[in-house]
Structure formats: C-alpha cells, structure tokens
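Okay, structure first, notes after.
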Amino acid sequence: MAVLVLGAIAVSRRLAHEPSATQEVCELVVDTVDSQIRDTMQAEPGPYRAFIGTLFVFIFAANWSTLIPASNRRPRIWKPTRLWRCWCSSR
C-alpha cells in the first residue's frame, strides 16, 4: 500500500500539459475507470471516481503482487503448542 501511495505522490508532482509516458498511463487508468463507471452505472463518474478508482488500483496491485516471489507466504504469527492441543482436547 505504501508503494501505491508513494507512487501516486511521485507521479502527481510532475503533471504537465504535454504528458510524459507515466502521465499518459495514469490518464489511461482514469479513463478506463470512468468508462467502467459510465457503462455499469449509467451515471457521471465524478462522484464515484476516487472510491472506485482506489478499489481498482488496489485490487490490480494485489493481484499482480502475487507474481513477486515470496510475497504470497502467510506469516507464522502463532503456532499451537503441544500443551495447547492437550488443553483443547480435554474440554
């Protein structure tokens, strides 16, 4: 999530009338979200753009992050001990 926030801040700092490649990609994402909102809700996308756009980008990044090695491992926060298993089985 921090990568998405830092990336958004970095991209929005250098907006120009003559867009760079990065700005064109961001505008393409916004246009795609707008067209999805128009097609599915038959409403103007303005009030919904921030919320649905955030969901779109987060889900997209979450799905693609599974391609990074070792990013889909579950953390071992708690491992049941033998004492815990005995206590649970006696109840």
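Filtered by the rule that a residue be touching a helix residue (DSSP H, G or I) at 6+ places or on another chain (Cβ under 7 Å), not in a helix (DSSP H, G or I) and not aliphatic (A, V, I, L, M), region 1-49 gives Pro19, Pro45, Tyr48. Within region 16-41, the residues that satisfy the criterion of being within 19 Å of Thr54 (Cβ to Cβ) and among the hydrophobic types (A, V, I, L, M, F, W, C) are Val25, Cys26, Leu28, Val29, Val30, Val33, Ile37, Met41.
This table checks each residue for (1) surrounded by 10 or more Cβ atoms within 10 Å (Cβ to Cβ); (2) at pLDDT below 75.
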residue: Val3; (1), (2): no, yes
residue: Ile9; (1), (2): no, no
residue: Ser20; (1), (2): yes, no
residue: Val33; (1), (2): yes, no
residue: Pro45; (1), (2): yes, no
residue: Leu55; (1), (2): yes, no
residue: Thr81; (1), (2): no, yes
residue: Trp84; (1), (2): yes, yes
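The values are calculated or read from the model by the stated rules, or taken from the named source; none is laboratory data. As the structure is a prediction and not an experimental result, all values here were calculated from the model. No Cβ is skipped: glycine too gets one built from the backbone with ideal geometry, and neighbour counts run over all protein chains shown.
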